[in-house]
Amino acid sequence: MKKPREIFCRFEGAIVLFALLVLLIATVVLTAWVQILASRAGFSDTAFQAQQRRVALANGRALARQYILEQMPSGAITNTNATGNLSGGWGAFSLDSASSGYWTGTNFVSGNFFSPMNNQSFAVTFNGTITGGGVSEVWNFRVRSRSPLMGGYPLVVHNAATTNLVWAPTTNILWTNISGFPQLPPVPLTSGTNASSANGYLGYLGAPTITNAPATTVAYNSYTNATTNGPGRTVEVILDPTSSTSTVRYTPGNTINANTTSRRLTNNAGTEVYTSGAFSITSLRVIGSANTNVVQIVIPASQTNLSQIILSGTNNRRVYVNRAGNGSTLTVATAPGFSGGTWRLGLSVSNSPLAINVAAGTTLTLQGGIRTDQSISVNSGTLALIAETAPSNLEFSADRILWLEDNRTP
């Protein structure tokens with residue numbers, strides 16, 4: 001056999017080298033491809049675990065919020081070390097301890113600029129732990145509260161209320177059609193002491209009257225317009241506190257008792273008559289003042305006789321009225337001689353229709369506002385409402401609403 005020519009030997013060697021190069025490149029590519037597939041599979045597993053943790057932590061947070069929101073209206077979490085969880089490790093929570101004082105707390109602090117009541121509110125703060133996917137996060141919870149009238153909403157109309165007002169302030173809360181929170185997401189607000197359909201988060205007014213703030217208790221100063229002896233005797237009492245303490249509180253009774261040495265007037269300019277026995281307090285005349293302290297007037301549901309509040313003179317003193325009614329109408333009227341102007345007054349009226357009587361041709365401006373779950377009617381004159389711009393210690397006497405804020409501990 002003849003030996004191959006040298007040129008063909010060189011060609012065959014090149015082919016072998018080229019084949020080896022192709023095989024080497026293919027091996028590298030195949031190895032890289034296998035590595036990519038392995039990495040992709042590993043990434044999918046890691047991504048799934050991360051998503052599971054996020055979902056589980058979100059579930060745990062939702063469970064904690066639901067539990068606290070259910071407990072909030074009562075004013076306290078009574079279960080120490082409360083816990084809750086979903087099966088399969090899909091979220092859990094635990095609270096470090098019980099907390100209370102939601103309606104009556106006195107820790108007034110600055111906080112969230114995006115909260116419903118602006119930057120300031122009362123706050124009860126406590127900690128908990130959110131667990132999910134084998135990860136635990138320490139969480140902060142804050143039950144906040146504030147009077148909506150003090151928070152800049154001079155008209156708060158709760159469920160069941162009606163009104164013949166043909167205007168509306170620029171900021172208001174209408175609970176049957178919530179407004180007044182521009183560009184903010186809906187926030188669960190409670191204004192009742194339970195979360196049932198009777199009040200709670202459905203906009204019904206059931207907030208407790210705040211009487212735990214330190215205050216000097218005062219009595220009426222004098223009386224007038226007493227009817228003469230006989231059945232159905234009534235009297236009008238006059239409130240003009242002279243105390244200079246930061247907050248004074250007046251709670252009218254149903255009656256006052258007279259004896260034969262007491263004098264009352266049949267009317268403001270009438271003849272003095274001696275009276276005796278019990279007289280029903282049907283009218284309260286509040287005298288305006290330039291003082292800077294707070295007057296809180298608490299009219300409990302047990303006060304069934306009082307049907308009228310008369311605003312006398314001009315007033316720059318912070319006055320707040322809590323009326324827990326029995327279904328009868330409460331009339332707020334201006335005294336004779338009123339020619340228009342601003343009265344610094346906040347009214348929280350539950351279970352009592354509210355009637356406003358202002359002298360014809362004049363405008364009564366209430367700086368503070370009205371909060372009610374019954375009808376509002378303006379029978380004469382004009383009513384205007386503006387926000388209280390400097391509530392100061394009035395914050396501690398005005399009834400509130402509650403809401404919840406929470407965040408991961410930094």
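Values quoted throughout were computed directly from the atomic coordinates according to the rules given, and no laboratory measurement underlies them. As the structure is a computational prediction, the values presented were derived from the model and not from experiment. Cβ atoms come from the backbone with ideal geometry, glycine included; neighbour counts cover every protein chain shown.
A few remarks follow.
- When you restrict to C-alpha pairs under 8 Å that are six or more residues apart and normalise by the size of segment 45-161, the relative contact order lands at 24 percent.
- Multiplying the residue separation of residue 326 and residue 377 by 0.36 nm and subtracting their alpha-carbon distance yields 16.6 nm.
- The label-point distance for residue 196 and residue 70, in a model that sets each label 7 Å from Cα toward Cβ, rounds to 1.6 nm.
- Normalised by 2.2 N^0.38 Å, where N is the number of residues, the alpha-carbon radius of gyration of segment 324-401 equals 1.13.
- Near residue 159, once Lys and Arg are set to +1 and Asp and Glu to -1 for all other residues with Cβ below 15 Å from its Cβ, the sum equals 0.
- Derived scalar couplings between HN and Hα for segment 242-255 equal 9, 5, 9, 4, 4, 9, 10, 10, 10, 10, x, x, 6, 9 Hz in order, rounded to whole Hz, by the Karplus curve 6.51 cos²θ - 1.76 cosθ + 1.60 (θ = phi - 60°), x for Gly and Pro.
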